[in-house]
Amino acid sequence: MLSVHLESLLVTHFKNYAHHCIELSPRLNGLVGPNGTGKTNLLEAVHVLCLTRSHRGLSDRYLVQRGADFYRIEGLFRRNDAPERIAVKYDGRRKEVVRDGVPYERLTDYIGRFPVVMISPDDIALVREGSEERRRLMDVTLCQLSPNYLHQLTVYTSLLKQRNALLKAFAEQRRFDALLLDAFDRQMAASAVVLWQERRSFAQSLSPIFQSIYAEIAGPAEAAALHLEPGNSSNDFLAELAAYRERDRALQRTTVGPHRDDLELTLDGQPVKKYASQGQMKSFLLALRLSQYEILRQEKHLPPLLLLDDIFDKLDERRVQRLIDLLWRRNFGQIFITDTHRPRLEGVVKAFGTDYRIYATGS
C-alpha cells in the first residue's frame, strides 16, 4: 500500500482567510473553535486542493474572500516519502493547478492524484433527498478512479444540456429537426454506455463494503442494502431515446439516461428516506462515505485523506464511539476533524495515540 499525507496548507484570499498557514500531522488533525470561525473552510480548502472543486459544488467565485479577486491554495504533500508541492489558483476567470512549478494543461489530468473523502452535516441529503446527491457520490468517486469516466461524464453532461436546449428551441420555434436530434442521440449513447457500466460495477463493489461498515456503526441487527437503479430500462440507450422522443418533445427535456440513475438505499427491505429513524439515517450517511473511502483505497492502493466536519455534534455517544473504533481498527490514513468542543475533540484524537495536532480557529 502506498502512502500520502498533506504536510502543510497555505490559503490566500480563500473564504474568510486572507492568509493562513498550518503545519499538519500525518495521522490526525483536529480543528476546534466556535461556529463561523473557519474550521469548515479549511477542510474545504483541502478538498479543493485535492479535487479542484468545492465539496458542496460551489462555484469558484464564491470561494474567493470578499473584496479579493483571486484565491490560491498551496499544499506540500508527501507521497511515498517524496515531496510534491501543489497549488490551485483561481483568478476570477480560470482555474489552474501547478505541481512542483509545472502547470497541468488540463485539470482532468490532475484529479485523482490525491484522493479525498469529506463527510459533513449537509451530507444527510445523500439519504433524505432525491437522486442527484447519490449520483454525485458515484461521480466524485469514479472520477478519482478513472480519467476516462471523467471524460465521458463531461461529454455526456455537455450533450445533455445541448439536447435539452434543442428540445426547448423546437417547442418555442414550432419546428422539429429529427436528423439533428439523431446526431445528439448517437453521441450521447456512446458516453451513456460507459457511465452505466462503470456505475453498475461501482455499486456491485460498494454494496458488500457498505453492509459491513453499516453493521460496525449501527450493529448487526439491521439489514442495510444498496443497489443501482438505472435511469433507463434497457441496455440499448439509443433505442430508448427514440422510444421516448415524443415524451421528451412534450416535456422539453431528456427523460431517460444516466442523469436519472440512482443508488437505492433500503433498511430491512424498506426505503431509508421513508422509514428510517434519524439515527439510522446518520448511520447510513457514515457508512456510505466510509465505503466510498474504502473503494478508493482498494482501487488506488492509496489511503485517501479523510475530512470529518462537525460530525460528533450530530451523532449520539454510542455511534461516536463505534465510529472511532472503526477508524482505529481499519487504520485510516490522514484524518482531519472539526469540532466546537475542545474537550470532546481531545478525547477523540487521543484515542489515536500521540501523533496528532489540534488547531484553534478564530483565536
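Brief remarks on what is shown
- Here the condition is being within 16 Å of the chain's Cα centre (by Cα) and outside the structural domain of CYS143 (by TED's automatic domain parsing); of LEU43, LEU63, LEU9, LEU31, it holds for LEU43 alone.
- ASP109 charged (D, E, K, R), in the same structural domain as ARG53 (by TED's automatic domain parsing) and at pLDDT below 95: yes
- Condition met for VAL11 (of a type in the set (Val, Ile, Thr), part of a strand (DSSP E or B) and buried (at least 20 other Cβ atoms within 10 Å of the Cβ)): yes
- Boolean, LEU142 is assigned by TED's automatic domain parsing to the domain that holds ASN235, touching a residue at least 40 places away in the same chain (Cβ under 8 Å) and out of contact with any Phe, Trp or Tyr (no Cβ under 8 Å at 6 or more places or on another chain): no
- If only residues of the stretch 69-91 that are loosely packed, with under 12 Cβ neighbours inside 10 Å and not acidic (Asp, Glu) are counted, the one that is modelled with the lowest pLDDT is ASN80.
- Test: residue in the stretch 12-19 that is closer than 16 Å to ILE86 by Cβ and under 22 Å from the mean Cα position of the chain (by Cα): yes
- Test for PRO230: is it in contact with a strand residue (DSSP E or B) (Cβ under 9 Å, 6 or more places away or on another chain) and surrounded by 15 or more Cβ atoms within 10 Å (Cβ to Cβ): yes
- Strands (runs of 3 or more DSSP E) within the stretch 250-363 that include 2 or more residues of a type in the set (A, V, I, L, M, F, W, C) and surrounded by fewer than 19 Cβ atoms within 10 Å (Cβ to Cβ): 356-360
- Failed item in (1) touching a residue at least 24 places away in the same chain (Cβ under 8 Å); (2) hydrophobic (A, V, I, L, M, F, W, C); (3) over 26 Å from THR108 (Cβ atoms), with ALA178 passing the rest: (1)
- Of all residues in the stretch 53-68, those satisfying the criterion of being crowded, with 18+ Cβ neighbours inside 10 Å and either touching an Asp or Glu at 6+ places or on another chain (Cβ under 9 Å) or among the small types (Gly, Ala, Ser) (or both) are ARG53, HIS55, LEU63.
The values are calculated or read from the model by the stated rules, or taken from the named source; none is laboratory data. Not measured: the values here are computed from a predicted model. With ideal geometry, Cβ positions are generated from the backbone for all residues, glycine too; neighbour counts draw on all protein chains shown.
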